[in-house]
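Peer 1: One structure, as structure tokens, below. Some questions next.
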Amino acid sequence: MNKGKLKNTSRIIWQTLFFIFAVSLTITFIPREKQFRYHFEEGKPWRYGLLTAPFDFPIYKSEQDIATERNNIINSHIPFFLSDKDRSKNELADFRANNKSFDIDSMVMFTQIEGLLKKVYEKGIIDIESYDSLKGDKTKIRIKNGAIATEYSIENLLTPRMAYEYILRNCQTPEVKETAGEINLNLYIEPNIIYDTESNNRTINQQIDNIQPTAGMIQKGERIIDKGVIVTPEIYRVLSSYEKETLKNKVDINEGWYTLSGEILLVLIIYSFLYLYLAFFRKRIFNNIRQLSLLMLMILIIVISSYLLSQRWLLGVYMVPFAVLPIIVVTFMDTRTALYASIVAIMLSCWSSPFPIEYVLLQLIVSMTAINSLKELTKRSQMFRSIVLMFVSYCVTYVAYVLMTEGDLMKINFSMFLFLGINCFMLLFAYIFIYMIEKVWGFTSNVMLVELADLNSPLLRTLSEKCPGTFQHATQVANLAAEAAKAIGANALLVRTGALYHDIGKSANPMFFTENQHEINPHKNLSYKESARIIISHVKEGMKLAKSYHIPESIKGFIATHHGVSKAKYFYTMYKNEHPEEEVDETLFTYEGPKPRTKEEGILMIADIIEAKSRSLKDFSQESLSRIVNGTIDDIVAEGQLSDTPLTFRDVTEIRKVLIGRLEAIFHPRISYPEAKR
């Protein structure tokens, strides 16, 4: 297997792996939880069409309703108390035992007091804490005697203090009352009605457990709500019940497989159309593994971020800085690919939005805004201005959509603006992403080209100091090539920057090149072969310098290809003329190449040769300039130097016109100024 076939096989393998990787990751991160597709708020109108019940489901009570029922059970509960007969017996026995030593008259009074003490125990004595807690909310209690509970009015119960006062108040004579006051009655007055904690807790819990969580049923096919109807508390409860049942219902095995099959098929279709677009219309990107990997990675980042944030917040998908995708793609690739990639990402991520149509509309408008405002990103201010435009586009599109679907400004969800604001704020970091991509993937952005084209950059400043003639030649070639590139729709900034660097290798031996010579020509002391070697070596020297100064690959391409596989014709012709009988080894006089591969590299080759030849002209008439331009281009085409470029005959014709016009402007005749008479 030759090198070309091996490279082609390797490329196909990588393309396939990227496809499988993208499809697999997308399917893996698609939210698996059942999601309720409707968003609703109490007191707000229903934003969707007619909703009917797809299955029978109960109307669940709200947490507040259940809490109210629970409180009602607790408040209406008649508490249980136990009648402690042993306590009253014991206290009366203690009273008698402690007072049996008194005389007969005293015993009569103590008998009366004992009767009153027995009577208060029969009424029932309850502790003051229980009495106070019951007095405000309850009127009755239930007193258990064995298995029987009898209701009693709280007003008939006595606290220890009330029992004491009752005895004193009901003494028959002052002597009895005096005697009752002298003895310590408090020692014999203790609560005999005791709170039954176990029975009360058991009864309350049983009643709470019997609370029904539902209040009615909605039957399949029953109308729930229609578009524009206000969500009342009753409808809100029905919708909440429908949402709860939808999320609770488990998907059966067959339905799960069908869903997964649909997801796989849809994701495959979307990514397949992206690959078809690249294969048919952007082969340059499709066959460039680095560019293809960046494109697929950016789409995956946006899609997966949308899936993850949508599971955290209902409107979280709107926080994803979606426009970073078209910004990156338009910066390193082209506008059409940026739009196509945006559409693919929108189709894949809209599933995570609660409002898919709104999401698609917003992201599509903002993607177009980003692409149109950043067609050529060369300044920081462009990025900031573009982000402002994108935020305005988001807001205007959202308001317009709400007005179209709801017909009322009051229906605008103002929290949406917060999410969109966070989205656009994060777009400010796109500049950092661009810088990272330049370093990791080795791509060249317009911002980097502007920086490289700065004449005060180290390498260009060195060239201007060591090789002023070469530097002047490079700037003229840059102007010519940029004009030609504009005329045919090529990248003018790229070819201008490449032209400034294409001859940097001459700084290694500046005096061996005509434009830097004055009176001394070092080639006079060298053989033609040696001179050709030095002239040809400026390409290799340029590549060495470019590597040491970390010049990007896109600019190195101009250095390597600006002579293609042409010959150092002057020395080749001179050598042949002096050795007519010798078979010349042409490789000694031929540049190693490669040939130009892009439109921009082809334009530079043409502009470079024409600018150099124009300096040797004595006649700058239109005929002379046309002859040198047409003749040079014809020779280049005849030698096959442009065979690897995508330049068309129409492009070449347009380049001819532009270069002739520019040379006429450069070499136009000037009037001679008369000398002043003395």
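The values are calculated or read from the model by the stated rules, or taken from the named source; none is laboratory data. Fair warning: this is a prediction, and the values are worked out from it, not measured in the lab. Note: ideal-geometry Cβ built from the backbone for every residue, glycine included; neighbour counts use all protein chains shown.
Peer 1: Consider the range 503-528. How many of its residues are of a type in the set (S, T, N, Q) and not in a loop (DSSP other than H, G, I, E, B)?
Peer 2: Looking only at that region, the number is 4.
Peer 1: Those residues that are closer than 21 Å to D226 by Cα and either modelled with pLDDT under 80 or not hydrophobic (A, V, I, L, M, F, W, C) (or both), I need them from the range 56-88; list them, please.
Peer 2: D56, P58, Y60 - these are the residues of the range 56-88 that are closer than 21 Å to D226 by Cα and either modelled with pLDDT under 80 or not hydrophobic (A, V, I, L, M, F, W, C) (or both).
Peer 1: Only one residue in L403, L374, L348, L409 is buried (at least 22 other Cβ atoms within 10 Å of the Cβ) and modelled with pLDDT under 90, so which one is that?
Peer 2: Answer to the check: L374.
Peer 1: Given the options L500, L480, L459, L455, name the one that is within 44 Å of the chain's Cα centre (by Cα), outside any helix (DSSP H, G or I), over 20 Å from F332 (Cα atoms) and hydrophobic (A, V, I, L, M, F, W, C).
Peer 2: Details: L500 fails: outside any helix (DSSP H, G or I); L480 fails: outside any helix (DSSP H, G or I); L459 fails: outside any helix (DSSP H, G or I).
Result of the check over L500, L480, L459, L455: L455.
Peer 1: What pairs can you find where one residue is in the range 171-200 and under 15 Å from E114 (Cβ atoms), the other is part of a helix (DSSP H, G or I) and among the basic types (K, R), and their Cβ atoms are less than 7 Å apart, with a gap of 6+ or different chains?
Peer 2: From the range 171-200, the pairs are C171/K177.
Peer 1: In addition: Mind checking which residues of the range 338-352 are within 13 Å of F322 (Cα to Cα) and in contact with a Ser or Thr (Cβ under 7 Å, 6 or more places away or on another chain)?
Peer 2: Within the range 338-352, L339, S342, L348, S349 qualify.
Peer 1: Under the condition of being under 22 Å from E41 (Cα atoms) and surrounded by fewer than 23 Cβ atoms within 10 Å (Cβ to Cβ), which residue from the range 311-345 is modelled with the lowest pLDDT?
Peer 2: Looking at the filtered set, the residue picked out is L314.
Peer 1: For the subset of the range 67-84 comprising residues that are touching a strand residue (DSSP E or B) at 6+ places or on another chain (Cβ under 9 Å) and not in a loop (DSSP other than H, G, I, E, B), which member is nearest to R237 (Cα to Cα)?
Peer 2: F80
Peer 1: Can you find a residue in the range 522-545 that is surrounded by fewer than 18 Cβ atoms within 10 Å (Cβ to Cβ) and touching a Pro at 6+ places or on another chain (Cβ under 9 Å)?
Peer 2: No, the range 522-545 contains no residue that is surrounded by fewer than 18 Cβ atoms within 10 Å (Cβ to Cβ) and touching a Pro at 6+ places or on another chain (Cβ under 9 Å).
Peer 1: Look at the range 169-199 and say how many of its residues are loosely packed, with under 15 Cβ neighbours inside 10 Å and farther than 15 Å from N99 by Cα.
Peer 2: Residues meeting the conditions: 8.
Peer 1: With farther than 30 Å from I211 by Cβ, at pLDDT 80 or above and of a type in the set (S, T, N, Q) as the only criterion, which of T159, T111 stands out?
Peer 2: None of the others qualify; the one that does is T159.
Peer 1: Right, here's the next one. Residues that are farther than 16 Å from V495 by Cβ and among the β-branched types (V, I, T): does the range 602-620 have at least one?
Peer 2: The answer is no, given that none of the residues of the range 602-620 is farther than 16 Å from V495 by Cβ and among the β-branched types (V, I, T).
Peer 1: Consider only pairs whose beta carbons are under 8 Å apart and that are at least six residues apart or on different chains; among these, list those whose first residue lies in the range 606-630 and is among the small types (G, A, S) and whose second residue is surrounded by fewer than 22 Cβ atoms within 10 Å (Cβ to Cβ) and assigned to a loop (DSSP other than H, G, I, E, B).
Peer 2: Within 8 Å, the pairs are S614/F667; S624/L617.
Peer 1: Now, a different point. How many residues does the range 270-290 hold that are within 23 Å of the chain's Cα centre (by Cα) and at pLDDT below 95?
Peer 2: Summing the residues that are within 23 Å of the chain's Cα centre (by Cα) and at pLDDT below 95 in the range 270-290 gives 1.
Peer 1: So I204 ticks every box in (1) more than 60 Å from the chain's Cα centre (by Cα); (2) surrounded by 15 or more Cβ atoms within 10 Å (Cβ to Cβ); (3) modelled with pLDDT of 85 or more but one. Which box is left unticked?
Peer 2: Every listed condition holds for I204 apart from (1).
Yes or no, residue by residue, for (1) under 27 Å from D585 (Cβ atoms); (2) at pLDDT below 90:
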position: F471; (1), (2): no, no
position: Q476; (1), (2): no, no
position: N491; (1), (2): no, no
position: R496; (1), (2): no, no
position: M511; (1), (2): yes, yes
position: N516; (1), (2): no, yes
position: S531; (1), (2): yes, yes
position: G542; (1), (2): yes, no
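Peer 1: Here is a further query. I'm trying to understand the selection: among the residues of the range 256-298, which are loosely packed, with under 15 Cβ neighbours inside 10 Å and farther than 30 Å from T598 by Cβ?
Peer 2: Those that are loosely packed, with under 15 Cβ neighbours inside 10 Å and farther than 30 Å from T598 by Cβ: G256, W257, Y258, T259, L260, S261, G262, L265, L268, I269.
Peer 1: I would also like to ask the following. What do you reckon, is G216 at pLDDT below 85, loosely packed, with under 13 Cβ neighbours inside 10 Å and of a type in the set (G, A, S)? Break it down into steps so the answer makes sense when it comes.
Peer 2: On the way: at pLDDT below 85: yes; loosely packed, with under 13 Cβ neighbours inside 10 Å: yes; of a type in the set (G, A, S): yes.
So G216 passes the test.
Peer 1: Ok, one more. Looking only at helices (runs of 4 or more DSSP H) that lie completely in the range 96-201, which have at least 3 residues being of a type in the set (S, T, N, Q) and farther than 30 Å from I73 by Cβ?
Peer 2: 104-123
Peer 1: Pairs, please: C-beta under 8 Å, at least 6 apart or cross-chain, first residue within 18 Å of N90 (Cβ to Cβ) and in the range 110-135, second surrounded by fewer than 13 Cβ atoms within 10 Å (Cβ to Cβ) and modelled with pLDDT of 80 or more?
Peer 2: Cβ pairs passing all conditions: K123/N156; G124/N156.
Peer 1: Taking I304, is it surrounded by 16 or more Cβ atoms within 10 Å (Cβ to Cβ), touching a Phe, Trp or Tyr at 6+ places or on another chain (Cβ under 7 Å) and hydrophobic (A, V, I, L, M, F, W, C)?
Peer 2: On the way: surrounded by 16 or more Cβ atoms within 10 Å (Cβ to Cβ): yes; touching a Phe, Trp or Tyr at 6+ places or on another chain (Cβ under 7 Å): yes; hydrophobic (A, V, I, L, M, F, W, C): yes.
Judged against the criteria, I304 is a match.
Peer 1: Could you tell me whether any residue of the range 474-482 is buried (at least 16 other Cβ atoms within 10 Å of the Cβ) and farther than 20 Å from T561 by Cα?
Peer 2: Looking through the range 474-482, none of the residues is buried (at least 16 other Cβ atoms within 10 Å of the Cβ) and farther than 20 Å from T561 by Cα.
Peer 1: Consider F55 carefully, then state whether it is assigned to a strand (DSSP E or B), over 28 Å from E175 (Cβ atoms) and not small (G, A, S).
Peer 2: no
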